[in-house]
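What follows is a single structure, written as structure tokens, with notes after it.
The values are calculated or read from the model by the stated rules, or taken from the named source; none is laboratory data. Computed from a predicted structure; not experimentally measured. As a convention, Cβ positions derive from the backbone with ideal geometry for all residues, glycine included, and neighbour counts pool all protein chains shown.
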Amino acid sequence: MRLSRKDSFQRLYETAEAQQGFFTTKQAKTAGFAENTHPYHVQAGNWIREHRGIYRLSHFPQTDHPDLAIWSLWSRNRNEETEGVYSHQTALSLHELSDVNPAKLHMTVPPQFRRNSEIPGILVLHHGIVLPQDIQTAQGFQFTRPLRTITDVVEAGTVERAFLRHAVRQAFDRGLLKRSDLRKADLSEPVKKLFEEVLRRVV
């Protein structure tokens, strides 16, 4: 059934609203916009082309993390499933743990993740499996939960120890982590040592 122009705009808006105003070429087509009409909507000022195959509704309000929504959409596979999960220093920043302020966006993608085009320079990709229980969802993107985030940065060895100790203390102080979480988790030795080091100092 062919949708009316009004229905197509409504469906596209509903899709984009959950993604900070962004959408993919495939999502636009699903909403009822034939691909040969996409250049028109860009030229008319209805859409803004942000990256290959990714657009933004021009009148959608500005949001806090537009870049996270854009590159999350970029990580989608052919079935329109998001494969990238923000992690490591980026997730630390999202949780407001420590003063780490990464210049690039760290994203964990599945081991088999591949792209024919060049990886955007803003991204640092880590290949690995992130289990559903280790993922939090925000508007238009996913990121790792505190325990998985701290585990990742410890094992990567790219964040100074002082920052990591501060992140762990903050996580416990704010209730983002509990001792029971550690007992249930299968932690590597370096991660266990960090937690033991910090918790020994907690009165």
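Values as computed for the structure displayed
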item: Strands (runs of 3 or more DSSP E) wholly inside segment 92-138 containing at least 1 residues that are within 23 Å of residue 172 (Cβ to Cβ), of a type in the set (A, V, I, L, M) and at pLDDT 95 or above; result: 135-138
item: Members of segment 43-91 found to be surrounded by 14 or more Cβ atoms within 10 Å (Cβ to Cβ), assigned to a helix (DSSP H, G or I) and free of Cβ contacts under 8 Å to residues at least 24 places away in the same chain, listed by number; result: none
item: Residue within segment 140-155 that is farther than 26 Å from residue 178 by Cβ and surrounded by 15 or more Cβ atoms within 10 Å (Cβ to Cβ) present; result: yes
